[in-house]
1. Is there a residue in the range 290-308 that is more than 15 Å from the chain's Cα centre (by Cα) and closer than 17 Å to Ile191 by Cα?
2. Mind listing whichever residues of the range 251-281 are out of contact with any strand residue (DSSP E or B) (no Cβ under 7 Å at 6 or more places or on another chain) and in a loop (DSSP other than H, G, I, E, B)?
3. Do any residues in the range 26-37 that are part of a strand (DSSP E or B) have Cβ atoms under 8 Å from those of residues that are open to solvent by 80 Å² or more (accessible area, probe 1.4 Å), where the two are at least six apart or on different chains, and which pairs are they?
4. Please go through the range 62-99 and pick out each residue that is open to solvent by 60 Å² or more (accessible area, probe 1.4 Å) and in contact with a Leu (Cβ under 8 Å, 6 or more places away or on another chain).
5. Working carefully through the options Gly217, Gly233, Gly238, find the one that is surrounded by 24 or more Cβ atoms within 10 Å (Cβ to Cβ), at pLDDT 90 or above, of a type outside the set (A, V, I, L, M) and not in a loop (DSSP other than H, G, I, E, B).
6. Condition first: among the polar types (S, T, N, Q) and under 30 Å from the mean Cα position of the chain (by Cα). Now tell me which residues in the range 16-56 satisfy that.
Amino acid sequence: MKVQIVFAVLFAFTVYSECEYIDGSYIVQLKDDTTEVHIEEVIQKIEEHTLSSREDMEITSSSLLLPLIFGKFDKQTAEMVSGLESVELVEQDQVVTIDMPLENPAEYPTDDIVYEDKNHTTSDESDCHDSDNDFKDMEEMNWYNLTEGSDVGARKFPVPKRYNLDIIDNTHCIDGYFTPYSNGRGVDIYIIDSGINYRNKDFRYLEGGHGRAIYGGFDVEPSNYGWDTSGHGTHCAGIAGGVHSGVAKEANLISIRVVGKKGAGSVLIKGMDHAYERHLSRVGQSGFKGSVMSMSISSGFSQIKNNHVNAMVGKGITIVTASGNQGIDASNRSPGSAGQNINVG
């Protein structure tokens, strides 16, 4: 449940329940018609109120998509800022965590979950047949040695019987093959997460060779260069574009590392902005088709993070988020509850 605390008429300083806040850290969203001059005026007001410099308060700003100010100051300053005419919202920054599966999912009720009968077929049985592709070991598919003229050339990939990819391309039956319309070549998938293990052989090109998984130029710990420190980001990259288990098997996988053990909402927004800047630099390049952002991370509800996601979708970026994996109402988690994104449960 969202709880709004109003300090005075027109104040926009907001606090939400089910959140883990970061002491003394705030995000300010200014109104849509805000200019760089307005942003500078608000920063000066903060400096005057705290008698501190922007360097001491680590104040930074961005106007790439939304006019935002990030900084470390006290609650009284946040209340003052929320009353300024050019300010839309002020939120206390929150901890952002990796969305991992529940440890004991059996403890949660499943009465309202509908499972599709995957034995169902259409009346035209010729379009769908049961397959012997029931591999015990994914390595038996020998993806890396497939030659031209094989199933790769036809974009037809054998998958174990009832494997999750099989239902994506043909929802009415299981035929033992994943036959996508495209392998994702020319698409950049930004894994905004805990990093990527670039050396994982699942991130090779179908015809062999490394290079699909790369550093995107943003890391919460810059000296780490986007390398995965938990395995979560690599796992998500594999689902998105791994040769074995991924959907887009020739897409570029780009590491934007915004969390170690934990992260911050402000860092998540900055990582998204960096990815968007890189996307803009790619527009017009030969072979480039578009960008996707994958974010299997979340915090408590944040209207500013949600606004930022919706603004980015409005610029043509496909954003896929996790609904939370917390066994709670997904509308209480951000950025999954933004509205214009694809939120996966």
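1. yes
2. Passing the criteria: Gly260, Lys261.
3. That search, which allows pairs on different chains as well, returns Tyr26/Lys72; Gln29/Glu88; Leu30/Glu88.
4. Hit for the range 62-99 is Glu88, nothing else.
5. Gly233
6. Hits for the range 16-56 are Ser17, Ser25, Gln29, Thr34, Thr35.
To keep it simple, each residue is scored yes or no on (1) surrounded by 20 or more Cβ atoms within 10 Å (Cβ to Cβ); (2) of a type in the set (A, V, I, L, M).
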{"site": "Ile196", "(1), (2)": "yes, yes"}
{"site": "Phe203", "(1), (2)": "yes, no"}
{"site": "Tyr225", "(1), (2)": "no, no"}
{"site": "Asp228", "(1), (2)": "yes, no"}
{"site": "Ser245", "(1), (2)": "no, no"}
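This table checks each residue for (1) in contact (Cβ under 8 Å) with a residue 24 or more places away in the chain; (2) more than 21 Å from Lys31 (Cβ to Cβ).
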{"residue": "Ser266", "(1), (2)": "yes, no"}
{"residue": "Ser286", "(1), (2)": "no, yes"}
{"residue": "Lys315", "(1), (2)": "yes, no"}
{"residue": "Ser334", "(1), (2)": "yes, no"}
{"residue": "Asn341", "(1), (2)": "yes, yes"}
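The values are calculated or read from the model by the stated rules, or taken from the named source; none is laboratory data. None of the values given here were measured: they were computed from a predicted structure. So basically every Cβ, Gly included, is an ideal-geometry build from the backbone, and we count neighbours across all protein chains shown. Heads up: the accessible areas ignore ligands, DNA and RNA and are worked out on the full protein's heavy atoms, side chains in. Shrake-Rupley method; radii C 1.70, N 1.55, O 1.52, S 1.80 Å.
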